[in-house]
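**Q** One structure follows; several queries about it will come next.
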């Protein structure tokens, strides 16, 4: 959907996180409202990696941050296990956030420059009183497992490269035994040779620590590499969501096709559908928010918000003029 | 004769902790109207190389070697010639358009400044030319844009304005340093296509600097691959991909995920970290990270050799070249 609906959601019993009708708005200039995320519903199963892609300003980071209530969403329900995170009080939320950890785009600014690597990683277990579980020996093992030589544990972040700082940030997150790791553009600031190191590391750690991941990136090749499922966002709404192979091999939404064709060497033909500028989230277009840049748009696109339609076993798109045939239950 | 000929360029910065050997033994040439790509990671010396040509390095930089532009010695220009060299013969576009533009001046004022200074155009003529330029870089409603400030434009539009500024005095050579790195993929393609089209239409040579081999693959005639301040491999673009020789180029290519890889494909990262440029280069800078390293790699600098097979002009600096698939 650059639209609405929740038909893409799976049975609650199968999912770890279920996000329903999530809306995040910020106050804009002169009384206006920035509609960052509008009525978005999706879910994540345990052990799964959900890739979130889209251009800057599409709401991908805001969506992920709204799950951990940073900031609190304007409306909507975020169910993690059995609790609605939007209704938790401060103390409950603090406790819950140890389960949902995050790593960031700029690995250097994500670390306190005045503290040693050892202090940075040990702080979490200290606060939560898990030092008996996270003994010195285990923390050393953790530091080693992310590829940092423990003999440098007393060094400070500026003495490490960007790639090494990202490894330290990952260790800091893992020291809280999280169940979910939210990766917000974790390799965008890294050199290509280091990017592959971090992607392989995340893959290893996901298996080792049984992690569920939300992986946000503007780099489609990276998302293709790591994701089981993919969610394509446009201007605060979901355009297409489902199995990664299904979406990358047979994109249905014109926006997904346009995005794929922009990747150098993707082999996807550029049909020139992505014309014009990204509209402002202060005043998003009516109907399907993509209609102003879509070459297939008709009158209905400007008036009616499209709902999710099913295009495969796990493939949903919200478009009035999809480049594929919807399936009915009988087809499956 | 090539439009730009760089020979044995070396740039050393003197710092409080001793010299930093940012660029060493770099040679390449750019033909009139041609496009070359300089590819490398951070610290490879790609930006320092072009900044030395543009006279943009701090005074702590010591430049050796020669650079000849159309018969002129770029590093020893007459002051009167230099005044009308940068921004006229050679222009440059940078990574972040917001820092290239003055946030408190209108687009029109910034766009006409260079023309009025170099060509002594009147305000009216310069404004007319500015409208033409914005039209050339496909900015809709150019007259309105001239009255706007940079913050009123999107990132892609700002980079178009910066490109228009660079084109103002019809340069024969445009240097673009990571012009699309700060932009979304969709905008990236538009800007790259724009640069490619302008180069052909205006018969202007282009030096495109990037960390992304994919960006230069379809848009350049030649590619120079740099690492640790040195040229690892240089070749006509097609030949570089068809007959990759240098282990670093191989490693760079295989470490990048691409859309045709099935999900979960294990990537082949380059182990280790980039080289410390404070150590004087006496051996191959890639040797500590190279999977094909030999004893000879660690004891002497590899000589630059020419590949016998494939297209002419394919050079590499490696004692243990790996031809074909690795």
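**Q** State all residues of the stretch A:156-175 that are surrounded by fewer than 19 Cβ atoms within 10 Å (Cβ to Cβ) and not in a helix (DSSP H, G or I); if no residue qualifies, say none.
**A** Result: A:156, A:161.
**Q** Looking at (1) under 21 Å from residue A:237 (Cβ atoms); (2) crowded, with 17+ Cβ neighbours inside 10 Å, which one does residue A:48 not meet, given that it meets all the others?
**A** Every listed condition holds for residue A:48 apart from (1).
**Q** Let me ask another. Can you give me the number of residues within the stretch B:231-244 that are touching a strand residue (DSSP E or B) at 6+ places or on another chain (Cβ under 8 Å) and surrounded by fewer than 24 Cβ atoms within 10 Å (Cβ to Cβ)?
**A** Taking the stretch B:231-244 as the starting set, the residues that turn out to be touching a strand residue (DSSP E or B) at 6+ places or on another chain (Cβ under 8 Å) are B:231-237, B:240, B:243-244.
Checking the rest, the ones that are also surrounded by fewer than 24 Cβ atoms within 10 Å (Cβ to Cβ) come to B:236-237, B:243.
Residues meeting the conditions: 3.
**Q** Which helices (runs of 4 or more DSSP H) sit wholly inside the stretch B:214-326 and have at least 3 residues that are away from chain A (no Cβ under 12 Å)? Break it down stepwise before answering.
**A** Details: elements: B:237-242, B:247-255, B:295-299.
So the answer is B:237-242, B:295-299.
**Q** What is the number of the single condition among (1) on the phi < 0 side of the Ramachandran plot; (2) within 14 Å of chain B (Cβ to nearest Cβ) that residue A:112 does not meet?
**A** It fails just one condition, (2).
**Q** Can you tell me how many residues in the stretch B:137-152 are touching a residue at least 24 places away in the same chain (Cβ under 8 Å) and either buried (at least 19 other Cβ atoms within 10 Å of the Cβ) or not in a helix (DSSP H, G or I) (or both)? Walk me through how you get there before you give the answer.
**A** Restricting attention to the stretch B:137-152, the residues satisfying the condition of being touching a residue at least 24 places away in the same chain (Cβ under 8 Å) are B:137-139, B:145-151.
Cutting the leftovers down to either buried (at least 19 other Cβ atoms within 10 Å of the Cβ) or not in a helix (DSSP H, G or I) (or both) gives us B:137-139, B:145-150.
So the count comes out to 9.
**Q** With respect to residue B:178, determine if the residue is in contact with a strand residue (DSSP E or B) (Cβ under 8 Å, 6 or more places away or on another chain) and surrounded by fewer than 21 Cβ atoms within 10 Å (Cβ to Cβ).
**A** On the way: in contact with a strand residue (DSSP E or B) (Cβ under 8 Å, 6 or more places away or on another chain): yes; surrounded by fewer than 21 Cβ atoms within 10 Å (Cβ to Cβ): yes.
So residue B:178 fits the description; yes.
**Q** Pick from the stretch A:288-307 the residues that are more than 25 Å from the chain's Cα centre (by Cα) and not in a loop (DSSP other than H, G, I, E, B): which of them is surrounded by the most Cβ atoms within 10 Å (Cβ to Cβ)? Outline the logic, then answer.
**A** So the first thing to find is which residues in the stretch A:288-307 are more than 25 Å from the chain's Cα centre (by Cα), and the list is A:292, A:295-304.
So of that shortlist, the ones also not in a loop (DSSP other than H, G, I, E, B) come out as A:292, A:299-303.
Numbers: A:292: 19, A:299: 10, A:300: 13, A:301: 24, A:302: 14, A:303: 12.
Among those residues, the one meeting the criterion is A:301.
**Q** What number of residues within the stretch B:153-179 are within 14 Å of chain A (Cβ to nearest Cβ), assigned to a helix (DSSP H, G or I) and closer than 23 Å to residue B:49 by Cβ?
**A** Going through the stretch B:153-179 one residue at a time, the tally reaches 1.
**Q** If you don't mind, there's one more thing I want to ask. If I ask for residues that are part of a loop (DSSP other than H, G, I, E, B) and out of contact with any helix residue (DSSP H, G or I) (no Cβ under 9 Å at 6 or more places or on another chain), which ones from the stretch A:17-45 would you list?
**A** Taking the stretch A:17-45 and keeping what is part of a loop (DSSP other than H, G, I, E, B), we get A:28, A:32, A:45.
Across the stretch A:17-45, the qualifying residues are A:28, A:32.
**Q** Those residues that are part of a loop (DSSP other than H, G, I, E, B) and without any contact (Cβ under 8 Å) to a residue 40 or more places away in the chain, I need them from the stretch B:80-119; list them, please. Walk me through how you get there before you give the answer.
**A** The first filter runs over the stretch B:80-119 and keeps only residues part of a loop (DSSP other than H, G, I, E, B), leaving B:84-85, B:87-89, B:94-96, B:101-106.
If the condition is that a residue be part of a loop (DSSP other than H, G, I, E, B) and without any contact (Cβ under 8 Å) to a residue 40 or more places away in the chain, then B:84, B:85 are the ones that fit.
Bear in mind these aren't lab numbers, they're just calculated from the coordinates by the rules spelled out. Not measured: the values here are computed from a predicted model. Cβ atoms come from the backbone with ideal geometry, glycine included; neighbour counts cover every protein chain shown.
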